[in-house]
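Trainee: The structure's right below; bear with me while I get my questions together.
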Amino acid sequence: MQRLLAGERSAIARTISQVERGERVPDTLSAALAPHLGRTHVLGITGAPGAGKSTLVHALLGEMLSRGKRIAVVAVDPSSPISGGAVLGDRVRMGEHGAHPDVFIRSVASRGHLGGLSRTTETLVDVLDAAGFDTVIVETVGAGQSEVEIMRVADTRLVACPPGLGDNVQALKAGILEIADLLVVTKSDLPTAETTARDLKDMLHLRAAAPAGSWVVPVISACATTGAGVTELVDRIEAHCAAAGRGRRLHQRQQPLPRRPDEDTATRVKRLAAADPFVRWLGITCTEAGSGTATVTMTLAAQHLNFNGTCHGGVTFALADTAFGLASNSHGRVAAGIDAHITYQQAAAEGDTLIARAFEVSRSRKLAVYRVDVTRGDGAPVSSFTGTVYLTQRPTP
């Protein structure tokens, strides 16, 4: 531990590898590191696939190094369909700075984890924070409107927007653009970059007026290959750090744990489940519920199977979606689903009992993100689901 706290690269790399392999329990490690956390500024960079995120990170590394910073990068790559490891595309594009003594770059595989990050990202940030880096850059996989998990990890959230978004700005603004502290039009040397910047500024003007003195989200045009706009971008990143501070993820951990679900909440959620005819037809039962959580179960029968004799994917989705809907509506006002993604780990058969546990990952004034883990009765993982809801002002029935 002392070598890690001293910033020794070998100790950092070994600890991260142990976390990735599951040899370190994340909660236990974070508790050991806790007294040494809160010094680093976490910069989250997200955006659509092909937005130029990795090239932008490379340019930011050069500018930050020129300012005397020690920087670590956690680049979350898509998983290889063959080995399950990281594809390492991000690491290749940042290779020029990888050997610098003040830079540490680590690519990690998403391994099917939804939300733009990997399961261990927050723990890895803790390791790098304790190791004394001034800035930790977390680059997500190519993200769509529901991949907003970065909002609970990063102090400053940068959304990279490639030129030519056009009408896609309207689709994205309900999700990923809502979390931005900085909007960056990448590849600003392309002809459509100016139009994209204007569209983003127009979108921001449609938002409710920010309270006096609060941070105003800027739209910055930058070209990572030429360096245009990179100095201004780092200036804005530092300005946001000065305004918003560091340790967002730590402040969230210090919030008091929610009280045990009271009977009224559980009763209301179970009543909503019982009132849903499709849920009843599938044989789904809500067994537990609380504020932002719900657990539902279903025992597979012949009508749940596909032509191969295993559980139909649509049935698994319906089970996960039920838990998602109940958890997101547990707060007493209607939550309208706007996006959902699911991955499948393994099949289930007739007679198996499936359990779907939903929990709230993040919540803002307008949006909330939930994760659902579906397992068999023996604990084997079956499916992972994430969904985003828009929070209305209407009370639940």
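Trainee: From the list Gln303, Gln345, exactly one residue is modelled with pLDDT of 90 or more and touching a Pro at 6+ places or on another chain (Cβ under 9 Å). Which is it?
Mentor: That would be Gln345, the only listed residue that is modelled with pLDDT of 90 or more and touching a Pro at 6+ places or on another chain (Cβ under 9 Å).
Trainee: Could you please let me know if Thr375 is in the same structural domain as Glu288 (by TED's automatic domain parsing), in contact with a Gly (Cβ under 9 Å, 6 or more places away or on another chain) and assigned to a strand (DSSP E or B)?
Mentor: So Thr375 does not fit the description; no.
Trainee: I'd like the residue in segment 1-42 that is β-branched (Val, Ile, Thr) and touching a residue at least 60 places away in the same chain (Cβ under 8 Å) and, out of all such residues, is nearest to Val138 (Cα to Cα).
Mentor: Only one residue tops the list, namely Val42.
Trainee: Shifting gears a bit: Within segment 332-363, can you find the residues that are touching a helix residue (DSSP H, G or I) at 6+ places or on another chain (Cβ under 7 Å) and outside any strand (DSSP E or B)?
Mentor: Result: Glu350, single match.
Trainee: Among the listed residues Ala323, Ala348, Ala380, identify the single one that is more than 20 Å from the chain's Cα centre (by Cα) and either surrounded by 16 or more Cβ atoms within 10 Å (Cβ to Cβ) or not assigned by TED's automatic domain parsing to the domain that holds Gly290 (or both).
Mentor: Ala348
Trainee: Could you please let me know if Val296 is part of a strand (DSSP E or B) and at pLDDT below 95?
Mentor: Here the answer is no, as Val296 does not meet what is asked.
Trainee: Go through segment 334-359 and count every residue that is hydroxyl-bearing (Ser, Thr, Tyr) and closer than 19 Å to Gly387 by Cα.
Mentor: 2
Trainee: Can you tell me how many residues within segment 359-397 are under 15 Å from Ser330 (Cβ atoms) and of a type in the set (A, V, I, L, M)?
Mentor: Total meeting the criteria: 6.
The values are calculated or read from the model by the stated rules, or taken from the named source; none is laboratory data. Bear in mind the structure is a predicted one, so any value in this text is a computation, not a measurement. Backbone-built Cβ (ideal geometry, glycine too); neighbour counts: all protein chains shown.
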